[in-house]
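Scroll down for the structure; my scribbles are underneath it.
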Amino acid sequence: DQQVKQNSPSLSVQEGRISILNCDYTNSMFDYFLWYKKYPAEGPTFLISISSIKDKNEDGRFTVFLNKSAKHLSLHIVPSQPGDSAVYFCAASGSSNYKLTFGKGTLLTVNP
Amino acid sequence: KAGVTQTPRYLIKTRGQQVTLSCSPISGHRSVSWYQQTPGQGLQFLFEYFSETQRNKGNFPGRFSGRQFSNSRSEMNVSTLELGDSALYLCASSLIISVGGTLLYEQYFGPGTRLTVT
C-alpha cells in the first residue's frame, strides 16, 4: 500500500513558466514533508521541507504548500529553468521519526 | 562542510557472495539511515542508526544488516547476495531540528553505491 503517491510520472514545462509537482499521502500520522531532486546516478538532493504546523514554506524559487485536510502537498518552482530538469521525490515522516516514506517520483523536463 | 560520502561507488558481485558498503555522515550528524532504490520499488527504508544503536528497521530480510561506529560512520552488509539485491544503496545523515517542540529529521543523502549482482 503506497502511503505517499505522486500520480504524475512526468511533467513538461517551458523555461520561465511555473512547474507544479503534486503529492498525496494517506497516513494521517505524517507531519513532516520533504522534497528532493535527483539526477541519474546521484543521491537525492534536499530541496525544501514543511512541518504540519505550517501551510506554506518558501525558499527562493521553490515553494511548498501543504493542505492537511486534503492530505495533499505541492511544490511550485517559479520560474522554471532547464537545470531544474530531474526526478522530484516527495517524502514524508511522522513526529520524531527518522524513517522517510517516498513517493515514486515525477520526472520534470524544462524545455528551453 | 563536506557532504555524505559513500564507498565504493560501484560494485559488481556474484550470487551468494556478501558485500559491505560504507557511509561517512556529515560532520556533527549522529543519525544515519540507509535506503535501497530500485526501478520497481522506488526508495525504501532499510534501517537507521543513532549513537551506535539500530532504532528501526524496514521490511527487509535478515541478510541485510548494519552497524554504526563511535565516530558515526556506518556500514551495511548484505550476505548471500541475490540477483534482486541489485540496486542503488543510499545513505543519509540527519540534521535534527526542533519545530514547535517536535524533533524533525532533515535527511541529506550521499551519492549512493550502485551494486550489481550477477
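Taking the range A:72-112 and the strands (runs of 3 or more DSSP E) fully enclosed by it, the elements with 2 or more residues that are farther than 11 Å from residue A:4 by Cβ, touching a strand residue (DSSP E or B) at 6+ places or on another chain (Cβ under 7 Å) and within 14 Å of chain B (Cβ to nearest Cβ) are at A:86-94, A:106-111. Is it true that residue A:87 is touching a Gly at 6+ places or on another chain (Cβ under 8 Å), of a type in the set (A, V, I, L, M) and at pLDDT 95 or above? So residue A:87 passes the test.
Of all the numbered requirements in (1) polar (S, T, N, Q); (2) more than 14 Å from chain B (Cβ to nearest Cβ); (3) free of Cβ contacts under 8 Å to residues at least 40 places away in the same chain, residue A:26 misses one, and that requirement is (3).
Scoring residue B:23 on the criteria (1) of a type in the set (A, V, I, L, M, F, W, C); (2) farther than 24 Å from residue A:51 by Cβ; (3) free of Cβ contacts under 8 Å to residues at least 12 places away in the same chain leaves a single failure, condition (3).
Just to be sure before I move on: is residue A:36 within 10 Å of chain B (Cβ to nearest Cβ) and surrounded by 18 or more Cβ atoms within 10 Å (Cβ to Cβ) in the structure I sent? Considered against the rule, which asks whether it is within 10 Å of chain B (Cβ to nearest Cβ) and surrounded by 18 or more Cβ atoms within 10 Å (Cβ to Cβ), residue A:36 comes out as yes. Of the residues making up the range B:1-53, those that are of a type in the set (D, E, K, R), surrounded by fewer than 18 Cβ atoms within 10 Å (Cβ to Cβ) and facing another protein chain (nearest Cβ under 10 Å) number 1.
Out of B:116, B:80, one residue alone is more than 9 Å from every other protein chain (Cβ to nearest Cβ) and assigned to a loop (DSSP other than H, G, I, E, B). It is B:80.
Looking for something without any contact (Cβ under 8 Å) to a residue 40 or more places away in the chain and out of contact with any helix residue (DSSP H, G or I) (no Cβ under 8 Å at 6 or more places or on another chain) - is there at least one such residue anywhere in the range A:75-92? Checked against the condition, which is being without any contact (Cβ under 8 Å) to a residue 40 or more places away in the chain and out of contact with any helix residue (DSSP H, G or I) (no Cβ under 8 Å at 6 or more places or on another chain), the range A:75-92 yields at least one hit. Inclusion of residue A:40 among residues that are modelled with pLDDT of 95 or more, farther than 20 Å from residue B:102 by Cα and part of a loop (DSSP other than H, G, I, E, B) is not warranted.
Do we have any residue at all in the range A:7-23 that's out of contact with any strand residue (DSSP E or B) (no Cβ under 6 Å at 6 or more places or on another chain) and part of a strand (DSSP E or B)? No, the conditions are met nowhere in the range A:7-23.
Among the residues of the range B:67-118, those that are without any contact (Cβ under 8 Å) to a residue 60 or more places away in the chain, more than 17 Å from residue B:26 (Cα to Cα) and in contact with a Ser or Thr (Cβ under 6 Å, 6 or more places away or on another chain) comprise B:77, B:86, B:87, B:99, B:102, B:103. The residues of the range B:54-73 that are of a type outside the set (Lys, Arg) and either more than 14 Å from the chain's Cα centre (by Cα) or in a loop (DSSP other than H, G, I, E, B) (or both), listed by number, are B:58, B:59, B:60, B:61, B:62, B:69, B:70, B:71, B:72. Is it the case that the range A:17-40 has a residue that's of a type in the set (Gly, Ala, Ser) and farther than 24 Å from residue A:70 by Cα? No.
The values are calculated or read from the model by the stated rules, or taken from the named source; none is laboratory data. All values derive from a computational prediction rather than experimental measurement. Virtual Cβ from ideal backbone geometry, glycine too; neighbours counted across all protein chains shown.
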